[in-house]
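As structure tokens, the structure follows; a few thoughts come after it.
None of the figures in this text is laboratory data; all of them are computed from the coordinates on show. Nothing here was measured: the structure is a model prediction, and the numbers come from that model. For neighbour counting, all protein chains shown are included, and Cβ atoms are generated from backbone atoms with ideal geometry for every residue, glycine included.
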Amino acid sequence: MALSNNVIAAINFIALLLSIPVIGAGIWLATEADNACVQILQWPVIVLGIVIFLVALAGFIGAFWRISWLLMFYLIAMLVLIILLGSLVIFVFFVTMRGSGHTEPSRAYLEYHLDDFSLWLQRRVRSSHKWERIRNCLSSTTTCAELNQNYRLAQDFFNAHITPFQSGCCKPPTDCGFTFVNPTYWISPISNGASTDCSKWSNEQTELCYGCDSCKAGLLANLKEEWRNADLILLIALLGLVFVYLMAFFALKNAKSEDLFRRHKQGYI
């Protein structure tokens with residue numbers, strides 16, 4: 001029994017380590033400016049990672065000091081957490097399936113349309129109340145200002161592979177036909193394009209295209225890319241936790257069988 005408990009303790013120590021990438025994925029999302037402004041995914045991931053760590057720690061303690069009720073708590077709680085983590089992985093995958101950039105002639109960067117993204121993501125930014133808070137947060141960053149330092153000439157900017165957020169928020173949509181002065185300052189044509197975003201563009205550096213649907217779409221495209229990266233980390237951690245859980249379950253089952261056989265042999269049963 002002691003050997004089996006040591007095995008279970010070692011397995012739960014691995015579960016402790018597997019909680020680290022989950023917490024790390026949440027912290028990484030929180031450090032990204034766009035995710036920090038939207039605040040949707042990072043905190044559920046961080047909290048879930050911390051709870052996985054605490055439950056795995058409970059399992060480790062229960063195995064190391066042979067506390068049966070703590071081991072049972074671990075088996076039940078970890079199963080629930082695996083289901084929750086699996087549900088989160090699937091959810092993130094499905095809400096980020098839609099949404100990709102569109103090419104424009106003589107442009108290396110892509111343009112983004114809000115309707116291309118999943119309805120769930122669209123609802124996160126369509127509300128004027130929600131967007132006002134996000135917009136104020138985004139406009140306080142230096143992301144757009146950095147473009148002016150990196151690109152002086154129009155052709156250099158047109159050939160640049162800028163982020164979806166920069167494409168949607170820091171410049172007017174290409175089909176508006178604005179004339180380049182610098183990445184965040186453009187001269188409007190006599191007749192604006194058909195898109196409503198064309199009339200929303202402002203050369204005021206705190207305004208730019210933050211009120212445009214293209215900015216909302218660019219933000220969602222950024223989130224999609226970052227969430228997909230985080231989702232891959234969560235999937236790897238999930239597979240590891242499932243494997244570790246099954247090993248712990250069968251090790252505990254074998255330990256109980258061995259203990260029952262020993263007690264029967266000694267005449268206790």
If each of Gln155 and Ser199 carries a label point 7 Å out from its Cα toward its Cβ, how far apart are those two points in nm?
3.6 nm
Rg from C-alpha atoms of the stretch 159-234, normalised by the globular rule of thumb 2.2 N^0.38 Å, equals 1.22
Computed ³J(HN,Hα) along the stretch 217-228: with the Karplus parameters 6.51/-1.76/1.60, θ = phi - 60°, integer Hz and x for glycine or proline, the list is 5, x, 4, 5, 5, 4, 4, 4, 5, 5, 5, 4
The chain: most fluctuating residue of Ile82, Ile50, Ile190 per GNM, C-alpha cutoff 10 Å:
Ile190
Tell me what the chain gives for mean residue ellipticity at 222 nm when only DSSP H runs of n ≥ 4 count, each as -39,500 (n - 2.57), the sum divided by the residue total, rounded to 500 deg cm²/dmol.
-22500 deg cm²/dmol
Relative contact order of the chain, pairs being alpha-carbon contacts under 8 Å that are 6 or more residues apart, as %
24 percent
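Seen from all sides and averaged, what is the projected area of the convex hull of the Cα atoms in the stretch 77-162, in nm²? If you can, show how the numbers build up before the last one.
Working: hull surface 34.1 nm².
Across all orientations, the stretch 77-162 yields a mean hull projection of 8.5 nm².
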Applying a 10 Å radius around every beta-carbon, put 51-57, 168-174 in order of their mean neighbour count, most first.
168-174, 51-57
With unit charges on the beta carbon (Lys/Arg positive, Asp/Glu negative), name the residue among Leu110, Thr96, His129 whose Cα is farthest towards the positive pole of the charge dipole of the stretch 85-136.
His129
Relative to the first principal axis of the alpha-carbon coordinates of the chain, what is the inclination of helix 2-31, with its axis defined by its Cα atoms, in degrees from 0 to 90 and to the nearest 10?
10 degrees
Can you tell which of Glu207, Glu104, Glu32 shows the greatest fluctuation in a Gaussian network model of the chain with Cα springs below 10 Å?
Glu104
Which value, to two decimals, describes the C-alpha radius of gyration of the stretch 119-196 once divided by 2.2 N^0.38 Å?
1.23
Angle between the Cα long axis of helix 42-64 and the longest principal axis of the chain, 0 to 90 degrees, nearest 10?
10 degrees
So which trypsin sites (Lys or Arg not before Pro) in the stretch 131-204 are both in a DSSP loop and have at most 16 other Cβ atoms within 10 Å of their Cβ?
Arg152
Could you list, by residue number, the cysteines of the chain that have no other cysteine's beta carbon within less than 4.7 Å of their beta carbon?
none
In whole angstrom, how far apart do the alpha carbon centroids of the stretch 49-128 and the stretch 130-193 sit?
32 Å
Using the C-alpha atoms of the chain, what convex hull volume per residue, in cubic angstrom, is computed?
133 Å³
Around Glu32, which amide H atoms from residues at least 5 apart in sequence, or from another chain, sit under 5 Å from its own amide H, with H modelled in the peptide plane?
none
So how much slack lies between His129 and Leu239, counting 0.36 nm per residue of separation and subtracting their Cα-Cα distance, in nm?
35.7 nm
What is the spin-label model distance, in nm, from Arg107 to Ala145 if the labels are put 7 Å beyond Cα along the C-beta direction?
2.5 nm
Go through the stretch 145-151 residue by residue and turn each phi into a ³J(HN,Hα) via Karplus (6.51, -1.76, 1.60, θ = phi - 60°); whole Hz please, and just put x for glycine and proline.
4, 5, 5, 5, 7, 8, 10
Name the most mobile residue of Gln205, Gln149, Gln166, meaning the one with the largest mean-square fluctuation, in a Gaussian network model of the chain with Cα contacts below 10 Å.
Gln149
